[in-house]
Amino acid sequence: MSETCDRPGAGPGLGEGQGRGDINVPRFVVGCGDDEQDMGQMEAGMRNEMYREEEMEGDEDESPPERQIVVGICAMMKKSKSKPMTEILERLCKFDYICMVIFPEEVILEEPVEKWPLCDCLISFHSKGFPLDKAVEYAKLRNPLLINDLNMQYFIQDRREVYRILQEEGIDLPRYAVLNRDPDNPEECNLVEAEDHVEVNGEVFPKPFVEKPVCAEDHNVYIYYPTSAGGGSQRLFRKIGSRSSVYSPESSVRKTGSYIYEEFMPTDGTDVKVYTVGPDYAHAEARKSPALDGKVERDSEGKEIRYPVMLTAMEKLVARKVCLAFKQTVCGFDLLRANGHSYVCDVNGFSFVKNSMKYYDDCAKVLGNMVMRELAPQFHIPWSIPMEAEDIPIVPTTSGTMMELRCVIAIIRHGDRTPKQKMKMEVRHPLFFELFEKYGGYKSGKLKLKKPKQLQEVLDIARLLLVELVEHNDCEIEEKKSKLEQLKTVLEMYGHFSGINRKVQLTYLRNGQPKASSEEEDSKKDGPSLLLVLKWGGELTPAGRVQAEELGRAFRCMYPGGQGDYAGFPGCGLLRLHSTYRHDLKIYASDEGRVQMTAAAFAKGLLALEGELTPILVQMVKSANMNGLLDSDSDSLTDCQQKVKARLHEIMQKGQEFTQDDYQKLAPTGSPSLVNSMKVIQDPVKTCDKVYALIQSLNSQIRKRLEDPKSADLQLYHSETLELMLQRWSKLERDFRMKNGRYDISKIPDIYDCIKYDSQHNASLGLEDTLELFRLSRALADIVIPQEYGITKDEKLDIAQAYCVPLMKKIQLDLQRTHEDEAVNKLHPLYSRGVMSPGRHVRTRLYFTSESHVHSLLSVFRYGGLLDDEKDQQWKQAMDYLSAVNELNYMTQIVIMLYEDNNKEPSSEERFHVELHFSPGVKGCEDEENVPLGFGFRPASSENQDKKPNQGSMEDLSQDQPDQALPLSEPINIQRRSPMIRNRKTGSMEVLSETSPTQSSKGCTSHRLFPSCSRQSPEIKPASGLGFEGCSMVPSIYPLETLHNSLSLKQVDEFLNTVCASSSEAHAKTMKALSSLFDSQSQTSLYSPQPPLSSSGSEASLRPPSQPLWHGSIPSSAVSSAGPSSPITESSGLNFSFSE
């Protein structure tokens, strides 16, 4: 029989037992206020039944037991009958001397407190509709032991009070300010709202910031995003179905009601909920932050997915403080983990964990012991605190030569973009000089205007001057008319400024502009002027977003533990890692809009998010405009680059066929892709003539379309018009052929860029000869683009170092850091069975950048002397493969993976093992025939190949074309097919099985990761393109190819040391940045808060002694979490901190 709680002698005022059908469920006594005599009969009957039940249980209780301790539950029925409450009360009843009384809701609401049931200990808490005043009165009348203090519950309902108490207790919380509004005259309040910040009581909160109603019952919390990330706001609310928030384009704050404004904490998209039961017990779990995409993750039973989390020692202390400060034994609160610090952002009072059996056991145990400890002595109940062995967590260890993935570093080029365009004009109007001065242009002689407000001012000036022109026909401005009109058109383009896709640069010229390019008409003015450069275009297209998201989704499958079902999609190993805080992920992007949006879209695919990119961008992507980590100042080319460009132009402007000598000069490395392009071109000037003629013909075709009323208003891809397309091409026609009749070679990349874009996205126009123009300009570009990064090996290396030393140092740091595991973000060992070694986590660092950095980094690996290709066969093949790749297209990836073999000695060189992988990115228009073949992803090591020809193959393609499957006997590195063929119906991906554990001696299995269409089976092709915006196709991305898979960490580390050290110039730069950094210590983070530098959080304490100081003991906030807007301070030299 079940133990029951309604025992004889269980205190006065017992109501009828709630008989339940299920005999395993104990019966709770529901107290009622009726007088006892009314129920004498029934009570007697029930007691008899009870005795009988006890006798059946056995005779050890001969004498009637001592008086029971009555625990009363006084709360709204929805709470007192909830599943967690029921589960916990069932367990509490197992204490021999405790029994329960649940106060019925109608008694609580309608009866006076004198008629409420009696109890010795009261669990009572406020929720919607609960009469807290009456509960306080009852507690005064009966004086029971209070589990949760009642008076403090008034404070918990007011966020201002909660924050005040937290502050008094010295608990970290976000910087905040309270805005109190008088409901009668809401206008009178200390709020100043600007476009990208608000000022509350004189305190400034730049966006992103959070706006919370002061009433804690009101869950309508809004987060406002900066214009640089796309603006708008995220509106959070109490979960409704599967939504907890929604994105809104509204950017201005609420104008009625009182609010708390606080800075937004850049977490990694997860919140930690902590549940205390007394000061010494806290259960913590993570869930996806509602601000991220507002979709609630639910499991197969429809419950919100949460993950148990290990709290750090500091966090346990915080839990203790919160529990004691608010006098709530059972208390829930929210933690934000940001910048290596934990901040409390909300205290909810009484709340239980939902569906965790372990928590129910623990909670009942803690509460029962607490009640007994407090009350047993006065009831003369013999009771001592039970000692029990702590449950020892059993953790499976690794066995065999399994290697464990420890670190993934990827450098990725942004996705498909619109053509980049720029226009230069010299301006002298006083209004421009005023603008230049207003934004501090005179400090450096240069000014970048990106913010909507600034661009609006430029537009206003342009409109004003155009109006003046019409009125006065003033010859002063006359020569600029066409340019002013273009300025106006471009700035008016989208009907709004989302500050990501246009910028104006002003440069001060002391003596006017020296005449250089064909654009400048001859003007005879002296005196100072400003050079206005307008840049636009170059934004991520919808196709680029899809590419990035797909790649993110495919990337997931590189992580172990993808078995099991995570809401039905592949790569759940990564998602579990991430939510349990064992995935230490940081995403960095340069400050260009397209790069940031690529990073956000990739994060969306990687972490299976939904909805808008803006919230993802603000929370997940850190802006790395830190001393050239991912940005390069394209204006300041190195001397070496200038020389290379000059030589390149000279060779490309010879009016004769390439001679043997030219081949030597242009392609000293003998790269097949270059040699092939030179063969296509033969005579560079003739080829440029052809290209020029083709551009002229293209322009006349577009003009014809414009004259034809049927096609004049045609909408092109990404809402471009024929008018804009004509502007694009006629500008190229004007600029390509200079006044002296020679060709401007530097325009070749732009021509290729435009034709590549139009032949992919605007093919439906059916313009003639576009393919020929594509073919020729591509051949020219294949020479010009890679050779701008150096012609000889030495030059390539020299230029590469100028770009990417900071990035290489950062990569070196990422690899070193991995094997000094910090104690952060660890998972509770009991919950991580099935993960190889649960205490460790995988570090992922993703760097999104532009073509220059990808070219440079690849040059360093190729020419920096990492391995000797004469001695190392695999490296030789990799080098041959790379020199056959002619373009590093959008979404090019360089991936470095670090594995650890736990069976090797920790100091052994074989313990850490590095793999280098590469993909040339998106497939071009006609790449299929001449594609260089690599060796697949993670091929088996060569010495093992003969013995186990098929150990790692995972090519179960039965779902798409059973007849095409390869015979299994073929050796591994011939299999070209991707294990991820796109599912035709939805465009989602299906991944077949995970890496098989049968591993070769080097611990590598081979399988293809990325959604490439197989090169052997053209019939899959239609499935791989995703039709988008009408006519455009999204090209698929080449799968990763392994360049090398048996490097030791020591080799890589020494190589990076050598390469970084040899670049003395970069070293000088670094030192300069460093000295300024320590002078000022002002890391300008764009959005993230400046956390207190506590000893526990400072990086210095984690740094191994061998690393130079340069590796920065800088708080993490120094890397801003988002947004391409320029840093708050002028000095760009300071934002140089590699924080982790």
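List the GluC sites (Glu not before Pro) within region 747-822 that DSSP assigns to loop and that have no more than 16 neighbouring Cβ atoms inside 10 Å.
Glu768, Glu820, Glu822
Quick one: which residues, 5+ away or cross-chain, put their amide H under 5 Å from the amide H of Ile791? H built at 1.01 Å from N.
Lys796
May I ask for the Rg/Rh ratio of region 225-357, computed from Cα atoms with Rh as the Kirkwood radius, given to two decimals?
Here the Rg-to-Rh quotient is 0.99.
Each label point is 7 Å from the Cα along the Cα-to-Cβ direction; what then is the distance between the points at Glu168 and Ser242, in nm?
The modelled label-to-label distance comes out at 4.5 nm.
Give me the percent relative contact order of region 656-771, please, defined on Cα pairs under 8 angstrom at least 6 residues apart.
Numbers: 72 pairs, mean separation 25.5, N = 116.
For region 656-771, the relative contact order is 22 percent.
Apply the Karplus parameterisation 6.51 cos²θ - 1.76 cosθ + 1.60, with θ equal to phi minus 60°, to every residue of region 883-896 and state each ³J(HN,Hα) to the nearest whole Hz, in sequence, with x for glycine and proline.
These are the phi-based 3J(HN,Hα) values: 6, 8, 6, 9, 9, 8, 7, 3, 6, 4, 10, 10, 10, 10 Hz.
Can you give me the solvent accessible area of Leu118 with a 1.4 Å probe, rounded to the nearest 10 Å²?
60 Å²
What is the Cα coordinate range of region 671-713 on the first, second and third principal axes, sorted by size from largest, in whole angstrom?
Largest to smallest, the principal-axis extents are 49, 18, 8 Å.
State the Cα centre-to-centre distance between region 736-778 and region 273-329 in whole Å.
So the two Cα centres are separated by 57 Å.
Nearest 0.05, what FRET efficiency do Glu188 and Lys876 give at R0 = 60 Å with Cβ-Cβ as r?
Once rounded, the FRET efficiency stands at 0.20.
With the calculation restricted to Cα positions, what are the radius of gyration and Dmax of region 96-233 in angstrom?
Cα radius of gyration and Dmax of region 96-233 are 21.1, 64 Å respectively.
Percent of accessible area on region 651-702 owned by carbon and sulfur, 1.4 Å probe?
Of all accessible area on region 651-702, carbon and sulfur atoms account for 48 percent.
Starting from the Cα-Cα distance between His219 and Tyr154, subtract it from 0.36 nm times their residue separation and give me the gain in nm to one decimal.
Once the chain is fully extended between His219 and Tyr154, it gains 21.7 nm.
Taking a ≥ b ≥ c as the square roots of the eigenvalues of the Cα gyration tensor of region 596-743, is the shape rounded (a/c under 1.5), prolate (a/b larger than b/c) or oblate?
oblate
Of the listed peptides 710-719, 599-608, 450-459, 318-327, what is their order by residue-averaged count of other C-beta atoms within 10 Å, with the highest listed first?
The densest-packed peptide leads the list: 599-608, 318-327, 450-459, 710-719.
Using mean Cβ contacts within 10 Å as the protection proxy, how do 67-78, 480-491 order, highest first?
67-78, 480-491
Would you tally the net charge around Leu367, using a Cβ to Cβ cut-off of less than 14 Å, leaving Leu367 out, and scoring K and R as +1, D and E as -1?
In short, -3.
In Å³ and rounded to a whole number, note down the convex hull volume per residue for the Cα atoms of region 65-153.
Dividing the Cα hull volume of region 65-153 by its residues yields 93 Å³.
Over region 216-267, with the other protein chains present, what is the accessible area per residue in square angstrom, probe 1.4 angstrom?
38 Å²
Could you estimate the translational diffusion coefficient of region 649-699 from the Stokes-Einstein equation, with Rh from the Kirkwood formula over C-alpha pairs, at 37 °C and 0.692 mPa s, in whole µm²/s?
Working: Rh = 11.7 Å.
D, rounded to a whole number, is 281 µm²/s.
Extending each Cα 7 Å along its Cβ direction at Tyr663 and Met357, get the distance between those two points in nm, one decimal.
Result: 7.5 nm between the two label points.
Using a 10 Å cut-off on Cβ atoms, rank the peptides 679-689, 584-594 from the highest mean neighbour count down.
Sorting 679-689, 584-594 by mean packing, highest first, produces 584-594, 679-689.
Taking H placed 1.01 Å from N in the peptide plane, check which residues at least 5 places from Thr892 or on another chain put their amide H under 5 Å from its amide H.
Placed amide hydrogens put Arg413, Val922 under 5 Å from Thr892.
The values are calculated or read from the model by the stated rules, or taken from the named source; none is laboratory data. From a predicted model like this one, the values you see are computed outputs, not experimental measurements. Don't worry about glycine lacking a Cβ; one is built from the backbone with ideal geometry, like all the others, and counts go over all protein chains shown. Heavy atoms of the whole protein, side chains included, go into the accessibility calculation; ligands, DNA and RNA do not. Shrake-Rupley method; radii C 1.70, N 1.55, O 1.52, S 1.80 Å.
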